[in-house]
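Engineer: Below: one structure in structure tokens.
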Amino acid sequence: MMSAAALKGIRLWPRTLRARLFIILLAGLAIAHAMSFAVLFSERYVAARSVMFNTLENDVATAIAILDRLPAAERSAWLDQLARGSYRFLLGPGMPGNPVLEPNDAEVASKIQAAIGAKYPIEVQSIPGAARRLQAHLRLSDGEPLTIDVTPRGVMPVADWLPYVLVAQLSLLVLCSWIAMRQAIRPLANLAKAADTLDPNSNTPRLSETGPTEVAYAATAFNSMRDRIAQYLEERVQILAAISHDLQTPITRMKLRAEMADESAERDKLLQDLGEVERLVKEGVAYARSTHGTEEKASRIDLASFIESLAYDYQDTGKAVTIGELSHGAIATRSHALRRILTNLIDNALKFAGSAEIEAQRQDRTVFIRVLDRGPGIPEDQLEAVLNPFFRLEQSRNRDTGGTGLGLAIADQLATAIGAALTLRNRDGGGLVAEISLRQ
């Protein structure tokens, strides 16, 4: 026997809307079809019974009248001609039987008695045996015994082809229901997919605004929403660019005035604060531009040479950036955006670990580029949160390593813009792995 937990895990009602509507539509059509078939079958059954009993009465009455008027010597020659599929005539007393009849047999007996009338006294008996069988005993006008041997049959036997017709009809119902659900749910699935991958800055195709009125209206509304979001993002970039431009001049003047002041601890702190403000403004604009996408066109670059060039630039400035395993071959990507992504990841590793290692591997049609370090890592519950803008871990909130909290967010946004994905995970033995997966 199945356990209670196993029974509870069985879902009688599917989760998807397509399956639910399919079951409802198919069940409704199947029930309606079954009801129509039952009404038709019942009507034909009643009509067939009426025809059968009327035919039985007329045939039996006619046959007995013929046999009664024939000479006794000629009667046996007519027996086969007067016989029918469900009954025949026998000269003689017939077989002994049971006078107690079942309801269905009593109905047949009453029809025979009504056909013969009072002129010929009749006795109907049920003959024992595996098959249903009746015999009606009477005597003709000259006293010769006559037996009507009746083997009642089904009123309307099922034709051999009927099950195949029913299967074909059921298959047609299933097919039509599936097509109807597919046509009804496809626009909803397309809308959900478009909403899930919504990126106003990408070149993804717009939703088709053709089809039924409701579908076209929903697609038009979605495309309009996408255009408005793109406009808002464009306005944000313009506002941040304007703020950056307006702030650059007063910040520069303040730095010049501070540098002209007498040397003191307060002067150094002021210059440091002004530098942080300037860096924050620049990083904010960089993040806004990264979320808005990049107009750089993709080109083919040699992966190993690209990473080696980036690492050598760091090594020339005395930074501890090493190269690990590299897969050779060309890839198609936006090289400037990829360089900015790797620069942010390497800077993050250098900030918290003091060193970084770069490696690249190719598996099937996907390229994996990793930046590894042996720093403190990131708590597991914050691996996704650190990709959000202005998010900083508690231990990084200081002047030396705090930063703006935008480096990883910019890298994540740029990765999305070039069709890649950025994931973070902690290394065994300590440290962090920042992995970029780029499908070719």
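Engineer: In terms of Cα to Cα distance under 19 Å, which lysines are near enough to Lys255, apart from those fewer than 8 places away along the same chain?
Structural biologist: Candidates past the 8-residue exclusion: Lys269, Lys282.
Engineer: Hey, got the Cα dimensions of region 87-191 along the principal axes, in Å, largest first?
Structural biologist: Cα extents, longest axis first: 91, 27, 22 Å.
Engineer: Provide Met225, Met181, Met35, Met254 ordered by accessible surface of protein heavy atoms (probe 1.4 Å), highest first.
Structural biologist: In descending accessible area the options line up as Met35, Met254, Met225, Met181.
Engineer: How do Lys351, Lys269, Lys255 stack up against each other in accessible area, from largest to smallest, with a 1.4 angstrom probe?
Structural biologist: Solvent-accessible surface, decreasing: Lys269, Lys351, Lys255.
Engineer: Per residue, how much accessible surface does region 16-193 expose to a 1.4 Å probe? Answer in Å², no decimals.
Structural biologist: Result: 62 Å² per residue.
Engineer: Sticking with this structure for a sec: When N counts the residues of the chain, how does its alpha-carbon radius of gyration compare numerically with 2.2 N^0.38 Å, as a ratio?
Structural biologist: Here the answer is 2.10, to two decimals.
Engineer: While we're on this one: Using a 1.4 Å probe, how large is the accessible area of Thr317, given in Å² and rounded to the nearest 10?
Structural biologist: So the heavy atoms of Thr317 present about 100 Å² to solvent.
Engineer: Tell me, what is the 1.4 Å probe accessible area of Ile243, in Å² to the nearest 10?
Structural biologist: The value for Ile243 is about 80 Å².
Engineer: Continuing with this model, one more query. With the chain treated as a Gaussian network of Cα nodes joined by springs under 10 Å, which of Tyr120, Tyr312, Tyr217 yields the largest mean-square fluctuation?
Structural biologist: Between Tyr120, Tyr312, Tyr217, it is Tyr120 that shows the largest mean-square fluctuation.
Engineer: Restricting things to Cα coordinates, could you compute the convex hull volume per residue of region 296-439 in Å³?
Structural biologist: That works out to 110 Å³ per residue.
Engineer: Pull up the cross-link candidates among the lysines for Lys119, meaning alpha carbon to alpha carbon under 25 Å and not fewer than 8 places away within one chain.
Structural biologist: Filter leaves Lys111.
Engineer: Looking at the chain, which longest stretch skips every one of the GluC sites (Glu not before Pro) that is in a DSSP loop with at most 16 other Cβ atoms within 10 Å, leaving the sites themselves out?
Structural biologist: Looking at the chain, 75-208 is the longest stretch - no exposed GluC sites (Glu not before Pro) with at most 16 other Cβ atoms within 10 Å.
Engineer: P(r) of region 16-193 in 10 Å steps, Cα pairs, percent per bin?
Structural biologist: Per 10 Å bin, starting at zero, the Cα-Cα P(r) for region 16-193 comes out as 8, 26, 20, 13, 11, 9, 7, 4, 1, 0 percent.
Engineer: Expressed as a whole percentage, what fraction of the accessible surface of the chain belongs to carbon and sulfur atoms when a 1.4 Å probe is rolled over the protein heavy atoms?
Structural biologist: Taking all protein chains in place, the chain shows 57 percent carbon and sulfur surface.
Engineer: Sticking with this one: Between rounded, prolate and oblate, where does region 81-122 land on the alpha carbon gyration tensor, with a ≥ b ≥ c its root eigenvalues, rounded for a/c under 1.5, else prolate if a/b exceeds b/c?
Structural biologist: Rounded, since a/c falls under 1.5.
The values are calculated or read from the model by the stated rules, or taken from the named source; none is laboratory data. Everything quoted here is computed from the prediction, not taken from an experiment. Every residue, glycine as well, gets a Cβ built from its backbone with ideal geometry; the counts of neighbours run over all protein chains shown. Quick note on the areas: whole protein, heavy atoms, side chains included, nothing else; ligands and nucleic acids left out. Shrake-Rupley method; radii C 1.70, N 1.55, O 1.52, S 1.80 Å.
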